[in-house]
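FYI, it's all coordinate maths here, none of it is from the lab. This one's a predicted model, so the numbers in the text were calculated from it and none came from an experiment. Quick reminder, even Gly has a Cβ in these numbers, built from the backbone with ideal geometry, and neighbours come from all protein chains shown.
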Amino acid sequence: MFRLAHPHFLYLLLLIPLLVLLFVYARRQKKKALAAFGDLNLVMRLIPEYSGTRQILKFIIWSVAWILIVIGMTDPQTGSKLEKIKRKGVDMVFALDVSNSMMAQDITPNRLERAKQAIVHLLGKLENDRVGLVIFAGKSYIQMPLTTDYSATRLFLSNINPGMIPVQGTAIGDAIETSTSVFGTTKQSKAIIIITDGENHEDNAIEAAQSAAGKGFRIYTIGIGLPEGAPIPVFSGNTQIGYKKDASGITVITRINEPMLQDVAKAGKGIFVRANNSQSGVQEVFDQINKLEKAEYNEAFFSDYEDRFQFFILAALILILGEVLIADRKGRLAGKIKLFSTKSNINQ
């Protein structure tokens with residue numbers, strides 16, 4: 001197993017292109033300065049020890065040394081020991097609605113962002129529970145398999161947007177079926193948390209919830225939105241250009257379908273909670289999930305990581321020492337060798 005302890009140092013590699021440009025600029029300026037004394041070929045004959053090739057070689061050595069130093073600063077590490085430990089927890093999958101109606105702003109800043117915040121808030125309460133992520137609109141897709149890596153879950157969440165699913169709609173039943181496939185053959189208690197505004201237009205979500213409950217799944221629903229509803233923003237890129245309208249030109253108002261979400265939760269032997277601007281509803285869901293039986297499972301991971309930075313730093317020091325030993329000018333013997341007597345040596 002390989003990892004970088006401090007990957008942010010890799011940004012220092014962006015200095016390399018800048019240094020190359022400065023080096024090229026400096027050589028051109030030096031060439032112009034020499035040309036100011038007269039004919040460049042004649043000037044170069046007056047300084048036969050000058051070697052442009054050595055200047056380039058020394059710059060390349062310093063650049064490679066800098067790359068090695070930066071890699072060393074990131075502290076490359078290798079996992080030398082694979083351990084298996086036993087944990088106790090619940091497996092849960094978040095099914096997040098990413099349909100266009102989730103961009104309505106009756107919940108601040110909008111329904112989708114509020115839903116993401118609810119998941120992040122719940123992640124902060126978990127310890128050994130494994131989580132997965134499914135996104136859905138007119139269709140559903142597995143975004144992330146079961147994991148205890150909550151940081152990775154937050155990263156996936158930050159990139160979720162309605163454009164990830166081209167088929168619009170709110171297929172809650174399909175999302176339930178996809179979520180059940182994430183669990184595989186796990187023996188832990190299994191919870192599916194559906195976060196949506198509940199405008200189901202695609203399938204029979206209640207039947208899907210009943211079927212999942214019959215297989216041992218618990219389904220919880222968190223409704224995002226207010227009863228009075230809000231228009232659905234229309235965007236061009238990142239700029240809002242108006243609101244969605246129907247065929248008659250009337251602005252479409254999207255409202256939370258609370259009764260349907262209550263029925264889904266009841267069919268799935270879970271609970272329904274409505275989120276609003278003052279609360280996300282995750283505390284009630286967490287309290288219920290926390291009552292589920294926590295089963296043991298094995299988790300393998302690498303431990304006893306060993307630092308490998310010293311090899312890169314040593315290689316960089318060797319290169320720097322070699323660069324110091326390379327003279328800026330040609331030796332006497334090299335200065336007598338004139339393979340191209342009629343051309344300038346400035347580009348050698």
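List the trypsin sites (Lys or Arg not before Pro) within region 188-275 that fall in a DSSP loop (any state other than H, G, I, E or B) and whose Cβ has at most 15 other Cβ atoms within 10 Å.
215
Once R0 is set to 51 Å, what does the formula 1/(1 + (r/R0)^6) return for the Cβ-Cβ distance between residue 105 and residue 22, expressed as a FRET efficiency to the nearest 0.05?
It comes out at approximately 0.55.
Towards the positive end of the charge dipole of region 84-180, with charges on Cβ (+1 Lys, Arg; -1 Asp, Glu), say which of 112, 178, 153 has the farthest Cα.
Checking the options against the dipole of region 84-180, the answer is 153.
Which of 102, 73 has the fewest other C-beta atoms within 10 Å, and how do the rest follow up to the most?
73, 102
So how much slack lies between residue 181 and residue 240, counting 0.36 nm per residue of separation and subtracting their Cα-Cα distance, in nm?
Taking 0.36 nm per residue and subtracting the Cα distance, the gain is 17.6 nm.
Using label points projected 7 Å from each Cα along Cα→Cβ, tell me how many nm separate residue 15 and residue 164, to one decimal.
3.7
Only bridges with both residues in region 84-300 count here: give the DSSP antiparallel percent, nearest 5.
Within region 84-300, antiparallel bridges account for around 45 percent of the total.
Report ³J(HN,Hα) in whole Hz for each residue of region 166-181, in order, from the Karplus equation J = 6.51 cos²θ - 1.76 cosθ + 1.60 where θ = phi - 60°; Gly and Pro get x.
Per residue, the Karplus-derived 3J(HN,Hα) values read x, 8, 7, x, 9, 8, 5, x, 5, 5, 5, 5, 5, 5, 5, 6 Hz.
Mind listing the long-range amide H neighbours of residue 138? Cut-off is under 5 Å, sequence gap 5 or more, other chains count too, H placed in the peptide plane at 1.01 Å from N.
Counting only residues 5 or more places away or on other chains, the set is 167, 168, 169, 171.
Using only alpha carbon pairs under 8 Å that are at least six residues apart, calculate the relative contact order of region 84-300 and give it in whole percent.
27
What nm distance separates the two modelled labels at residue 30 and residue 321, each placed 7 Å from Cα along Cα→Cβ?
With each label point 7 Å from Cα toward Cβ, the separation is 2.6 nm.
So what are the ³J(HN,Hα) numbers for region 21-31, from phi and the Karplus equation (6.51, -1.76, 1.60; θ = phi - 60°), rounded to whole Hz, Gly and Pro as x?
With the stated coefficients, region 21-31 comes to 4, 5, 5, 4, 5, 5, 5, 5, 5, 5, 5 Hz.
Rounded, prolate or oblate: which one fits region 224-296, using the alpha carbon gyration tensor with axes a ≥ b ≥ c (rounded when a/c is under 1.5, else prolate when a/b beats b/c, else oblate)?
Taking the square roots of the gyration eigenvalues as a ≥ b ≥ c, region 224-296 is prolate.
For the residue pair residue 293 and residue 54, what label-to-label distance in nm results when each label sits 7 Å from Cα along the Cα-to-beta-carbon direction?
Once both label points are built, they end up 8.0 nm from each other.
Assign one of three labels to region 84-300, namely rounded, prolate or oblate, based on the Cα gyration tensor with a ≥ b ≥ c the square roots of its eigenvalues; rounded applies when a/c is under 1.5, prolate when it is not and a/b is larger than b/c, and oblate otherwise.
prolate
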